[in-house]
1. I'd like to verify a number: residues in segment 33-52 that are polar (S, T, N, Q), modelled with pLDDT under 90 and in contact with a helix residue (DSSP H, G or I) (Cβ under 9 Å, 6 or more places away or on another chain), how many?
2. How do the pairs read when you match residues in segment 52-63 that are closer than 12 Å to Asn32 by Cβ with residues anywhere that are among the β-branched types (Val, Ile, Thr), using Cβ under 9 Å and keeping only pairs 6 or more apart or on different chains?
3. For residues that are out of contact with any helix residue (DSSP H, G or I) (no Cβ under 6 Å at 6 or more places or on another chain) and loosely packed, with under 13 Cβ neighbours inside 10 Å, tally how many sit in segment 1-20.
4. How many residues does segment 1-53 hold that are of a type in the set (S, T, N, Q) and closer than 19 Å to Arg64 by Cα?
5. What are the pairs with Cβ atoms under 6 angstrom where one residue, in segment 1-30, is free of Cβ contacts under 8 Å to residues at least 60 places away in the same chain and more than 19 Å from Thr51 (Cβ to Cβ) and the other, located anywhere, is surrounded by fewer than 15 Cβ atoms within 10 Å (Cβ to Cβ) and among the small types (Gly, Ala, Ser)? Sequence gap at least six, or different chains.
6. Given Ser15, Ser29, which one is in contact with a Cys (Cβ under 7 Å, 6 or more places away or on another chain) and among the polar types (S, T, N, Q)?
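The values are calculated or read from the model by the stated rules, or taken from the named source; none is laboratory data. Given the structure is predicted, the values throughout are model-derived calculations rather than measurements. Here the Cβ is made from the backbone with ideal geometry for all residues, glycine too, and neighbour counts use every protein chain on show.
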Amino acid sequence: AVARMNDSRLGLTASIWSTDSERCERLASEINAGTIFRNRCDYIDPQLPWTGWNESGIGSTLSRYGFFHLTRRKAIHFRD
């Protein structure tokens, strides 16, 4: 099932329905999707990024990670 899910040009969200926590964690690590739900599919946490994989969007929104997509970090080193 995971191979079929990952054989897609899209990857916005996935939902795993199970009472087995270990299995859910294993599946979540194998699925190519930006957001993975467990026993739900109706919630967005503003502290977590909303992002997609493959052709499901570019960058991310929500949380501080959304800002990282819109900015470019720079390191500046000074010596006195």
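1. Of all residues in segment 33-52, those polar (S, T, N, Q) come to 35, 39, 47, 51.
When the remaining residues are screened for being modelled with pLDDT under 90, the result is 35, 47, 51.
Still in the running and in contact with a helix residue (DSSP H, G or I) (Cβ under 9 Å, 6 or more places away or on another chain): 47, 51.
Residues meeting the conditions: 2.
2. Gly52/Thr13; Gly52/Thr35; Gly52/Ile58; Ser56/Thr13
3. 8
4. The initial filter retains those residues of segment 1-53 that are of a type in the set (S, T, N, Q), namely 6, 8, 13, 15, 18-19, 21, 29, 32, 35, 39, 47, 51.
If we keep only those that are closer than 19 Å to Arg64 by Cα as well, we get 35, 47, 51.
Count: 3.
5. These pairs meet every condition: Cys24/Ser18.
6. On the way: Ser29 fails: in contact with a Cys (Cβ under 7 Å, 6 or more places away or on another chain).
That would be Ser15, the only listed residue that is in contact with a Cys (Cβ under 7 Å, 6 or more places away or on another chain) and among the polar types (S, T, N, Q).
The rows are residues; the columns are (1) polar (S, T, N, Q); (2) surrounded by fewer than 10 Cβ atoms within 10 Å (Cβ to Cβ); (3) modelled with pLDDT under 80.
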site: Glu22; (1), (2), (3): no, yes, no
site: Glu25; (1), (2), (3): no, no, no
site: Asn54; (1), (2), (3): yes, no, no
site: Thr61; (1), (2), (3): yes, no, yes
site: His69; (1), (2), (3): no, no, yes
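Each row is one residue, and each column tells you yes or no for (1) hydroxyl-bearing (Ser, Thr, Tyr); (2) more than 28 Å from Asp20 (Cβ to Cβ).
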{"position": "Arg40", "(1), (2)": "no, no"}
{"position": "Leu48", "(1), (2)": "no, no"}
{"position": "Asn54", "(1), (2)": "no, no"}
{"position": "Gly57", "(1), (2)": "no, yes"}
{"position": "Ser60", "(1), (2)": "yes, yes"}
{"position": "Phe67", "(1), (2)": "no, yes"}
{"position": "Arg73", "(1), (2)": "no, yes"}
